[in-house]
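Take a look at the structure below.
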Amino acid sequence: MRHSTFFFILFFCLKATSAQSNDDLLKKVKTKLELVNDYIVDAKMRTNVAFIKAPIGSIKIYFKKPNLLKIVKEKGISILPKGGININTFSILGITDYTTIDAGESIINGIKTKVIKLLPLNENSDVVISTLYIDETTELIKKTSITTKENGSFEMEFTYGTFANIGLPDKMIFTFNVKDYKMPKGITLDFEDNLTKEEKAKLKNKKGKIEFIYSNYIINKGIANNMF
């Protein structure tokens, strides 16, 4: 009986330590991002799905805390994200009411990452669960996997360079289920003309991939709210 009590107490002590470690790591990741109040960045956006016509080449992204985001493609046409899902880590870490689950470790592009699941406690949240893959050495999110009520599941994978010290990536790969994801206003995934209806329906069950390559960041110079 004493042995059972000992292991019972040890289990909960280890669980509490793990939860504290998760909170500490998330705090360090957030600390980097908190240095960014706003930014404007140019980006090349291309779809990596052979059967889809790429609708956009060059875009400009505007962001302002806490969650203002605007994407403008060539010729000044605005693209508005659906469902409040932003193509960055700010929206993920902007959730404050959540519980964490330690999900072990995983290798992302040769780098060992700590895996933490975030479960929002707000039942009205569109996000059901977020899984973060964090490089503990650099305190950067390398990958996220998100399940939502409105847009199914999707992933974002980040590559950092010049602005790694403040958590802004040089590149992001966005992977999504073509059938489930509601594309933002202004973006349409046009299938190749030579496909039959059956082929198009089958391809909609596949995953789509969009790559963003960022350049010319303008950070913390101030952006008026009326820009959004």
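Laboratory data are not the source of any read-out in this text; all were calculated from the coordinates shown. Model, not experiment: these values are computed from the prediction.
So between LYS30 and ASP42, what do we pick up on full extension, going 0.36 nm a residue minus the alpha carbon distance? Don't skip to the answer; put the middle values down first.
Values: separation 12, 0.36 × 12 = 4.32 nm, distance 2.36 nm.
Taking LYS30 through ASP42 to full extension adds about 2.0 nm, to one decimal.
Using the structure shown, select from LYS73/LYS142; LYS44/LYS207; LYS30/LYS117 the pairs with a Cα to Cα distance greater than 22 angstrom. Display every interim value, and only then the final one.
On the way: LYS73/LYS142 26 Å; LYS44/LYS207 20 Å; LYS30/LYS117 16 Å.
Long pairs (Cα-Cα over 22 Å): LYS73/LYS142.
If amide H atoms are built 1.01 Å from N in the plane of the peptide, which residues on other chains or at least 5 residues away come under 5 Å of the amide H of ILE108?
It is THR113, by chain and number.
For the range 126-135, just list the computed ³J(HN,Hα) in residue order, Karplus coefficients 6.51, -1.76 and 1.60, θ = phi - 60°, integers in Hz, with x standing in for Gly and Pro.
Using θ = phi - 60°, the values come out as 6, 7, 8, 7, 10, 10, 10, 10, 10, 6 Hz.
Determine the gain in length on full extension of the stretch GLU105-LEU119; use 0.36 nm per residue of separation and subtract their C-alpha separation, reporting nm with one decimal.
Numbers: separation 14, 0.36 × 14 = 5.04 nm, distance 1.80 nm.
Fully extending the segment from GLU105 to LEU119 adds 3.2 nm.
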